[in-house]
Amino acid sequence: MVLITVVREYINRMLQDISGMKVLILDSQTSFDIRRINVRNLASSGSNCHNVTVGHLNFTVVTFAEDKELHWPISVCNLKIWFSGNLVSVVSVVYSQSELLQKEVFLVELVDSISMSKEPMSHLKAVYFLRPTPDNIKLMRSQLATPRFGEYHLFFSNLLKDTQLHDLADSDEHEIVQQVQEFYADFVAVDACHFSFNISSNHMYMLPAVVDPSKLQHFCDRVVDGIAAIFLALKRRPVIRYSRTSDIAKRIAQEASKLMYQQESGLFDFRRAEVSPLLLIVDRRDDPVTPLLNQWTYQAMVHELIGIQDNKVDLRNIGKLPKDQQEVVLSSEQDVFFKANMYENFGDIGMNIKKMVDDFQQVAKSNQNIQTIEDMAKFVDNYPEYRKMHGNVSKHVTLVTEMSRIVEERKLMSVSQIEQELACNGGQGAAFEAVTNLLNDENVSDIDRLRLVMLYALRYEKESPVQLMQLFNKLASRSPKYKPGLVQFLLKQAGMDKRTGDLYGNRDLLNYALNMARGLKGVENVYTQHQPLLSQTMESIVKGRLRDVDYPYIGNHFQQARPQDVIIFIVGGTTYEEARSVTLQNSTNSGIRFILGGSAVLNSKRFLKDLEEAQRTARTSTNMI
């Protein structure tokens, strides 16, 4: 729970020491997506407001399918409450809507949109939580010049520059700023040991600096800022290593080291006796296979087939669903069933959902038998939990039903079996025949054809150039929507000569022997036999075998003993399959706690989109080498 706990503590400290009614003002990276709801008009607006009749009693219960039951005093119904319909970003993944209300937060606004309103609200205390960017400082100065709220409490998610602090002080002519603090939550805590920076221009890591120096520097700055916030939040200063073949990993490692050991050395000097944690910065291109594969465990599969954004799943394109089920939350913090099943395979999920449906039907049947006043009182007390259970059952049934439809429609059982063979086993001749057959299958989608050819090319780029060219031509004729040369661009970015590590376990004799042993032993599930390169990297760290020549140290700061904490940051993005590997590794009690982070959370669509954007930028740049 380390990352989620850290961010929750920051938010608690922001809100609990400021008494009275508050407005929470965020930016696009710390914010909720705002939707205005008048509580008095919830029922008429189609929101999740239920009129319940038991005997002669009539009452209204307000619930939110993705959140806990809301309990508020009746006087709140005269307020207009601003909060999120689409939970996003730093705050929303760790803090629920009802928890904000319990902290007397009755408005949530975006810093740029609040500038457009002039309505005075002196009865509210403004709590700002922003990234310390030039744009946010400019907006903040403008709002301090013409204040709308009674008090201003300013919290920034990362390091403020002295010049920014002076600018804010100069703008506070009305002396309404009560405090300015740095709370280092400049990251999205996706899960307990998994974080992301949600960088939109994620493709920049694939491009040489000469293509767009300014944008690449902005990308690096955002990553370094986020990494700094992680370690300031954990109150540790790491030893830093990086992937040898990656220029971007080396650059980020150097800039992070400069910040922690030179520019802000005093801030990071926590004088702790424990062994320094390890920060290992690696490149997504060391393992391009993992984000290309179909997934068969629950969380990863939902992201691959439907999509998850900050623990939120958009179901608006899936048939006619009730309004409160069109967007749902998949959070291990708020959903007990999801927490227990997020890493289970698809077959087991179906059986577990059936059990959950059976349990709910028993509860629903008992609620129909109301005979006495005591029965009514019990029903009223249990109604919030009943509604929550109903929403949870509907959510998971809808997700699994939709994924089953996609699996059947795209013939993913057949496609995925060949994907796993390409990723895990040898046999070039049989692989070529299998991929060719699927390219000719009318039921296989264009994106699946593309991924199959990419996986074949990454595995056999040196072994069968003639057959590889045949597959390129076949793909071009069957899937013309994909730009020519995309597979070749992938090989240029992440081919054998570009990668650090032993992706297929055939370079190192020990890895080769381990793969042979796994093959002889067999696998529990052919669809989940793939292990990401990250698993091999963690195993090497646990056994003290991570080679210095492949992952050199930055500066003169070396690991004196085996670290107790390791943060692995993947430039280019993580996957939920890798997050699962980290959780499983941590459960072995090896004495090392691993935390995984990245510039984005990928599925195959996002990985291919980044690849296409990098290819397009490279082709249009006059500076591309």
* Asked: In whole Å, what is the distance between the alpha-carbon centres of region 550-625 and region 260-338?
  -> 12 Å
* Please give every one of the lysines within straight-line cross-link reach of K411, meaning a C-alpha to C-alpha distance under 23 Å, and leave out same-chain neighbours fewer than 8 residues apart. => K474, K481, K605, K609
* To do: Tell me the label-point distance for the pair S445, Q362, using the 7 Å Cα-to-Cβ offset, in nm and rounded to one decimal.
  => 3.8 nm
* Asked: Can you pull out the chymotrypsin sites (Phe, Trp or Tyr not before Pro) in region 236-293 that DSSP calls coil and that have at most 13 other Cβ atoms within 10 Å?
  -> F270
* To do: Run the accessible area of region 412-478 with a 1.4 Å probe and give the carbon-and-sulfur part as a rounded percent.
  => 49 percent
* To do: Read phi for every residue in region 575-589 and hand back ³J(HN,Hα) as whole Hz from Karplus 6.51 cos²θ - 1.76 cosθ + 1.60, θ = phi - 60°, with x for Gly and Pro.
  => 10, 5, 5, 5, 4, 4, 4, 5, 4, 5, 5, 5, 6, 7, 6
* If you bin the C-alpha pair distances of region 81-227 every 5 Å from 0, what whole percents do you get? -> 2, 8, 15, 19, 18, 16, 12, 6, 3, 1, 0
* Tell me, what is the per residue accessible area of region 233-295 in Å², probe radius 1.4 Å? -> 38 Å²
* Provide the per residue accessible area, probe 1.4 Å, for region 525-608, rounded to a whole number of square angstrom. => 39 Å²
* Indicate, rounded to the nearest 5 percent, the antiparallel portion of the DSSP beta bridges found entirely in region 124-215. => 20 percent
* **By average C-beta atoms within 10 angstrom, highest first, the peptides 404-417, 282-295** => 282-295, 404-417
* In region 142-259, how does Rg compare with the Kirkwood Rh, expressed as the Rg/Rh ratio over alpha carbon atoms? -> 1.06
* Structure fact -> Counting only protein heavy atoms with a 1.4 Å probe and every protein chain in place, the carbon and sulfur fraction of the accessible surface of region 98-186 in whole percent equals 49 percent
* Portion, in percent, of the accessible area of region 194-347 that falls on carbon or sulfur, probe 1.4 Å -> 46 percent
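The values are calculated or read from the model by the stated rules, or taken from the named source; none is laboratory data. Quick caveat: nothing in here was measured; it's all calculated off a predicted structure. For neighbour counting, all protein chains shown are included, and Cβ atoms are generated from backbone atoms with ideal geometry for every residue, glycine included. Accessible surface areas use protein heavy atoms only, side chains included; no ligands, DNA or RNA. Shrake-Rupley method; radii C 1.70, N 1.55, O 1.52, S 1.80 Å.
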